[in-house]
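Everything on this sheet refers to the single structure shown next.
The values are calculated or read from the model by the stated rules, or taken from the named source; none is laboratory data. The shown structure was predicted, so the numbers you read here are calculated from the model rather than taken from an experiment. A quick note on method: Cβ atoms are made from the backbone with ideal geometry, for glycine too, and the neighbour counts reach across all protein chains shown.
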């Protein structure tokens, strides 16, 4: 490039720098401060909105097939039990529901919740891993009538949930909901709690004895040397009872309100 052209470009560049510096000094300091404040507030507001959108408002419903979780899902969605029976789905049911404020009883003040009903079939439980990263809580539904026949299977599934990485590290709360307690033959919450804890205690020892290569979960449950209880979990685990058939699921609604953050 010609030396004269280069020299002219340098002169023009220096002239532009000088004009910019002069313009900057002409702007009052107060205006610069105001612009900086506006920039900071805009950045803060953007971050706030982003975090709000990422807030955990997902509740995962799961449990063995026939426990009544899909029935509960439709009741949460529509506010009343379904008129007809539900059919076991091979895909998760998902919907955004609005829970009325229990404090004000005002229909205008509602809590928006993303509820996902994960199929209970053992071949489809892997879908649970898709939703746990954003879960605010897990509702594990147990059939209180046929509990003894399904106690081992329910305990194994619950054990798998309680030892999942997301549940442990994020301390995702779990509600064990004993469903169908309106029937005379239903087992009590206390009985179901004790039996689940006993079976999980057995699983804790049997699975610990297996080599690490054969275990998909990365975490163990309980306190070494002590019988397992739900109180030993790093996340909060509560057991409640009710009946989706009669509409007695207030404990589930309360669990959702307690744990969903907006």
Taking the stated definitions as given, is residue 168 in contact (Cβ under 8 Å) with a residue 12 or more places away in the chain, within 16 Å of residue 243 (Cβ to Cβ), under 26 Å from the mean Cα position of the chain (by Cα) and not in a loop (DSSP other than H, G, I, E, B)?
no
Suppose the filter is at pLDDT 95 or above and in a helix (DSSP H, G or I); does residue 156 pass it? yes
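Among the residues of the range 76-101, count how many are closer than 16 Å to residue 111 by Cα and at pLDDT 80 or above. Outline the logic, then answer.
Quick first cut of the range 76-101, residues closer than 16 Å to residue 111 by Cα only: 76-79, 95-101.
Subset that is at pLDDT 80 or above: 76-78, 95-98.
Of the residues in the range 76-101, 7 are closer than 16 Å to residue 111 by Cα and at pLDDT 80 or above.
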Selection from the range 205-243 of residues modelled with pLDDT under 90 and within 24 Å of residue 144 (Cβ to Cβ) yields 221
Only one of (1) outside any helix (DSSP H, G or I); (2) modelled with pLDDT of 90 or more; (3) more than 20 Å from residue 155 (Cβ to Cβ) does not apply to residue 257, and that is (1)
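Would you confirm whether any residue within the range 158-173 is under 22 Å from residue 76 (Cα atoms) and touching a strand residue (DSSP E or B) at 6+ places or on another chain (Cβ under 8 Å)?
As a first pass, look at the range 158-173 and keep what is under 22 Å from residue 76 (Cα atoms): 172-173.
Filter once more, keeping what is touching a strand residue (DSSP E or B) at 6+ places or on another chain (Cβ under 8 Å): 172-173.
Scanning the range 158-173 turns up at least one residue that is under 22 Å from residue 76 (Cα atoms) and touching a strand residue (DSSP E or B) at 6+ places or on another chain (Cβ under 8 Å).
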